[in-house]
Amino acid sequence: MEDRGSARGGRRKYGPHFSTALNRLGYYLYGYRHFSSRIKGGHTNNKIRISTKPIRAISDDLDILVAFDQESIDLNSHELRPGGVVVADAKFNPTLPDGVDARLFAVPITAIAEELGTSLMKNMVASGASWALLGLPLEVFNKAVEEEFGRKGPAIVEKNVEAVKRGAEYVLELAGGPLEEFRLEPADGRQKLFMIGNEAIGLGAIVAGCRIMSAYPITPASEIMEYLIKKLPKFGGTVIQTEDEIAAATMAIGAGYAGVRAMTASAGPGLSLMMESIGLSGMTETPLVIVDTQRGGPSTGLPTKQEQSDLNAMVYGTHGEIPKLVIAPASIEDCFYDTIEAFNMAEKYQVPVIVMTDLQLSLGKQSCEMLDYEKIPIERGKLVKDAPPLEPNELFKRYEFTEDGVSPRVLPGEKYGLHHVTGVEHDEAGRPSENAQNRQKMMDKRLKKLKGVYIREAIRVDAPHEAPDLLMIGMGSTGGTIDEARQRLAADGVTSNHVTVRQIHPFPADLLLPYLKSAKRIVVLENNATAQLAAQIKLHCGFADNIRSILKYDGTPFLPSEVYKACKELN
Amino acid sequence: MATFKEFRNNVKPNWCPGCGDFSVQAAIQRAAANVGLEPEGLAVVSGIGCSGRISGYINAYGFHGIHGRALPIAQGVKLANRELTVIASGGDGDGFAIGMGHTVHAIRRNLDITYIVMDNQIYGLTKGQTSPRSAAGFKTKSTPEGSIETSLSPLEIALSAGATFVAQSFSSDLKQLTLLIEEAIKHKGFSFINVFSPCVTFNKVNTYDWFKENIVNLDQFPDYDPTNRVAAMNKIMETNGMLTGLIYQDKTRKCYEDLIPGFAQEALAKQSLDITREQFDNLLAEFK
């Protein structure tokens, strides 16, 4: 179902209590926000999909459309499935466009809200109406309302509860009771969380021990910063809003060098500005965690729209050659656990780690299984405390040649740990050196650190078939859509396996190879125009003749029907 | 307590003989000893350019970063471990061209660090191009007909950006420079010292002799009050920025670290990374 209108006061407030209540009942939810890069005005909508089973994709069509203006009906009613429902504010005398097979319930949303004191309560009236149509118990909804408005006093709560009730009563009378075809089966009642990927990343950062975030505001990354601004002071840490993304990245490097787990988060334009800093982190072997919440590029591109087109920038960006890890969470749970792992990897291997999300994963609010803060223990690698005394004029060998390439690391302040750190090529103590032999050894030392290193579940595999018709490969937020398309394909007798690539760089070629070999046809699905993930697969694994790409770069996420159709049309 | 010799290491600077940067290095080493620092308690962060090499020539924790970014790195170090004394340094190109954005914001942010600019009015490491501090008409490889841009005034910029400590010195005056660095280290907030540090190889105009002829020492004005911001700005303008000494200091404003809500006095880097189950449950509550 969908709540639509233009971005005026309070509209974005529609979602929270409605979804919170559904979450408490144990339903699986998946949200999608359509919004523009402007503060007020412009068409906006908030889709929420409700299910008794896990879902990780937006749906092809709508059951219920809640409209606060005629434009919303005109723009979106074509998405309604036949026999769908429109709940609209009677105030604007709503009408259905010709040829739309739907039932229209005009509820005096504004009138009821104003009668109760303020038009701000429009959302509550509309929520009450939709809730009632689904045949759900009002008590659970009221409890969510109570929690949201409780601190404003009982009078406000009472008014909002009344608004919900009036909306519900009005629509039930129009419809003659809850709509049987939309009645939700009881959910499993298991406790789940309901959050966006950016919040899960922020939460993961706190659990990982990250205490400094330096960042510059940008869509769609800012929620990570906003979350940590609220929470880090409780843990002695802080968020610093910098003058630009270069300062954000270099400040995080400074903090990382001095021993605090630090991060920054940005999107494409900010990532571009951070490239030199990423090289500094790689060259000085200083831990750094960067989150890139991909949005439509290039340049300013489509700041509020879905895309997965920064992959090449993350893998190849920054001049010269450094070890670097790029990991791609594919669910809200991943956003949490992968962020913890990112901090571990950054310290264990003393490298920059980029956590790559996309707009839909970062901002789409969805159900998440309960999280376990002890699942990934904190590991800090070769961090040396109380180093033994050094000879006079001897420096600590911060860049000592070792078997695995990872050198012991001391933090400034350590009595016998003095050393130098530089982005210039250097010797084992960090002194600048242009010696050819040293240069080659240092390059090899740094680059071997990540040889064969994989994160937990570097690829995620769902491979029920030994020799499937299709191997479907994706990353980021597209996994749920791929799985729904697979179900439809299965109904047509097309067998498929599914691999989600979660470590983008270094590319987990040997893990992927067996699945590539066993499939009759390989399909790589990505939200970009130049098939960047497919290019990685071809480069590292081959199979160029057998790989087909399904690409979408219009700013919206894939729909299951689009993927299904594209698979059917493959050559 | 460490002597200034303990802040020396055995690395031979790659600066040209006679370079002003040698004295800046010596002044930092002396000042560090004079204020009672130990080498392990000092972090020197530098940018890129001839002067950027300074972090490698002082026996302390040294971080030689990227061009123009010494200040954000230094601020990150200080936030992570406020028990360290942090000195950022670099040249005029580093701080006033590529890094100018960071310079003004570091000044207004006011973390408790010291920033020393070795100002030679030219790009030395790239062998002689104009800098934002070059005077109009100054001939360099990149301005063969003379610079057609005006020179910027770092002191005026620092004052207008809300600096709490502004000083200027000359590398020949080791005594004054050392004292000013000591004061800068002791100042609780961002301390900015611009140091005329002549380039003997590429700048044949702004030489040691030229500076000696053109600068005035604030000691000549016994009534000068460095707590008066308006007077400071006037004096900078009257002398066309060619003055040395402590120009402005505001001891009343708190430094950034002291204003961060809930920020511990103890180094963040020394604190535990773990959180408790109760803390985690509290964090989850809003998502249920």
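The values are calculated or read from the model by the stated rules, or taken from the named source; none is laboratory data. All values derive from a computational prediction rather than experimental measurement. Reconstructed Cβ throughout: ideal geometry from the backbone, glycine too, with neighbour counts over all protein chains shown. The protein model used for the area step is the full one, side chains on, heavy atoms only, and it has no ligands, DNA or RNA in it. Shrake-Rupley method; radii C 1.70, N 1.55, O 1.52, S 1.80 Å.
Remarks
- For region A:438-525, the strands (runs of 3 or more DSSP E) that sit wholly inside it and include 2 or more residues that are open to solvent by less than 10 Å² (accessible area, probe 1.4 Å) are A:470-474, A:496-501, A:503-505.
- Check on residue A:133, away from chain B (no Cβ under 14 Å), open to solvent by less than 10 Å² (accessible area, probe 1.4 Å) and not small (Gly, Ala, Ser): yes
- The condition of being within 30 Å of residue A:370 (Cβ to Cβ), in contact with a strand residue (DSSP E or B) (Cβ under 8 Å, 6 or more places away or on another chain), of a type in the set (S, T, N, Q) and open to solvent by 40 Å² or more (accessible area, probe 1.4 Å) holds for residue A:52.
- Of A:391, A:379, A:374, A:403, all but one fail to be closer than 19 Å to residue A:285 by Cβ, surrounded by fewer than 16 Cβ atoms within 10 Å (Cβ to Cβ) and either within 14 Å of chain B (Cβ to nearest Cβ) or of a type in the set (Gly, Ala, Ser) (or both); the exception is A:379.
- Selection of strands (runs of 3 or more DSSP E) fully inside region B:61-166 by the criterion of at least 1 residues being open to solvent by 10 Å² or more (accessible area, probe 1.4 Å) returns B:85-91.
- Helices (runs of 4 or more DSSP H) contained in region B:202-288 and holding at least 2 residues open to solvent by less than 20 Å² (accessible area, probe 1.4 Å): B:229-238, B:277-285
- Residue A:237 open to solvent by less than 20 Å² (accessible area, probe 1.4 Å) and either facing chain B (nearest Cβ under 8 Å) or over 30 Å from residue A:555 (Cα atoms) (or both): yes
- Count of region B:191-220 residues, restricted to those that are of a type in the set (Ser, Thr, Tyr) and within 30 Å of residue B:251 (Cβ to Cβ), is 2.
- Residue in region A:58-78 that is open to solvent by less than 30 Å² (accessible area, probe 1.4 Å), of a type in the set (S, T, N, Q) and assigned to a strand (DSSP E or B) present: no
- Residue B:85 passes every criterion in (1) closer than 18 Å to residue B:11 by Cβ; (2) within 13 Å of chain A (Cβ to nearest Cβ); (3) of a type in the set (Ser, Thr, Tyr) apart from (1).
- Residues of region A:197-234 satisfying the condition of being in a strand (DSSP E or B) and away from every other protein chain (no Cβ under 11 Å): A:215
- Being in contact with a helix residue (DSSP H, G or I) (Cβ under 6 Å, 6 or more places away or on another chain), open to solvent by 10 Å² or more (accessible area, probe 1.4 Å) and more than 10 Å from chain B (Cβ to nearest Cβ) is a property that holds for residue A:245.
- Selection within region B:34-55 - at the interface with chain A (Cβ under 7 Å from one of its Cβ atoms) and surrounded by fewer than 24 Cβ atoms within 10 Å (Cβ to Cβ): B:39, B:40, B:41
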